[in-house]
Amino acid sequence: LHDKPLAGKRVVVTAGPTQEALDPVRFISNHSTGKQGYAIARAARNLGAETVLITGPVSLAAPSEMEVVPVVSAREMFEAVKARQDADIFVLAAAVSDFRPKVVSDQKIKKRDAALVTELEPNPDILAWLGEHKRPGQKLVGFAMETQNLEENARHKLEAKHCNLLVANDLFVPGAGFGTDTNVVLFITPEKTRRLEKTTKEDLGYRILEEAAGC
Ligand code: C5P
């Protein structure tokens, strides 16, 4: 048994939310804390991989012995991922905002000037882009958080984004989701669906890499 099965491999992990500015003081975002993504990055490092953690704004301490790339918006995260497109394994655990405000005001929007409707435009889908540009041997892991039709929606994502593994969690299951230290997930691969027992996000980090890398 090799205790550094990912030695010589390059692993890129995205984590946390993205923030999409409306003006210098406000943004659109979500409840992601980065816990699961950070745990995956630590597991990759501990398994011997050369690890890059691309992280949206979170309040977790930056882990040691890896490259940590802080980003704010989805477009910044996309650029950071594209710059590392030749990695061996990608685990995209970030909760990327699907949309951003079409116009970002360079001054604080005053109440009297505010429109009650803000126009949004779509952000790039980073995982879909990696799937389209997938290189031979590359492994892609995506996440899906759903509140209904979990397996069906997640399997659709696996196929649409050309992933090797889709980790699906149901936001409404106790012990899963935002800010918890545990997770309850399905592993969806092109061949099958497997339901994992409730486990810590730390342990799940190792299981995800084992499944993706076959180690
Ligand atoms: O948003 P969605 O449920 O489609 O996200 C599924 C997966 O796609 C996640 O792994 C997420 O990190 C990734 N994603 C992305 N870029 C986006 C939206 C989602 O990489 N703009």
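Of all DSSP-defined beta bridges confined to the stretch 23-175, some 20% are antiparallel rather than parallel. When the P(r) of the chain is calculated, the portion above 32 Å amounts to 17% of the C-alpha pairs.
Just the number, please: carbon plus sulfur as a percent of the accessible area of the chain, 1.4 Å probe, no ligands or DNA/RNA counted. Don't skip to the answer; put the middle values down first.
Numbers: 5650 of 11330 Å².
Percent of accessible area from carbon and sulfur atoms in the chain: 50.
Seen from residue 187, the other residues with C-beta closer than 9 Å to its C-beta sum to a net charge of +3, counting Lys and Arg as +1 and Asp and Glu as -1. Of the residues 177, 144, 158, the one whose Cα sits farthest toward the positive end of the charge dipole of the chain, with +1 on the Cβ of Lys and Arg and -1 on the Cβ of Asp and Glu, is 177. Per residue, the accessible area of the chain comes to 53 Å², computed with a 1.4 Å probe over protein heavy atoms only.
Among residues other than residue 100 whose Cβ falls under 14 Å from its Cβ, what is the net charge (Lys/Arg +1, Asp/Glu -1)?
Working: positive: 26, 75, 102; negative: 20, 23, 76, 98, 119, 121, 125.
Result for the neighbourhood of residue 100: -4.
Could you list, in their original order, any pairs among 82/110; 9/161; 157/198; 35/198; 4/139; 9/82 whose Cα atoms are separated by more than 26 Å? Check vs 26 Å cut-off fails for 82/110.
Peptides 139-145, 36-42, 94-100 ordered by packing proxy, namely the average of other Cβ atoms within 10 Å per residue, highest first: 36-42, 139-145, 94-100.
Could you tell me whether the stretch 105-154 comes out rounded, prolate or oblate from its Cα gyration tensor? Rule is a ≥ b ≥ c as square roots of the eigenvalues, rounded for a/c under 1.5, then prolate if a/b exceeds b/c, otherwise oblate. Verdict is oblate for the stretch 105-154.
With K and R counted +1 and D and E -1, the other residues having a Cβ less than 14 Å from that of residue 210 yield a net charge of +1.
The values are calculated or read from the model by the stated rules, or taken from the named source; none is laboratory data. Remember, it's a predicted structure, so these values are computed and weren't measured experimentally. Because the Cβ atoms are built from the backbone with ideal geometry, glycine has one as well, and the counts that use them run over all protein chains shown. Note: accessible area is taken over every heavy atom of the protein model, side chains too, but ligands, DNA and RNA are not part of it. Shrake-Rupley method; radii C 1.70, N 1.55, O 1.52, S 1.80 Å.
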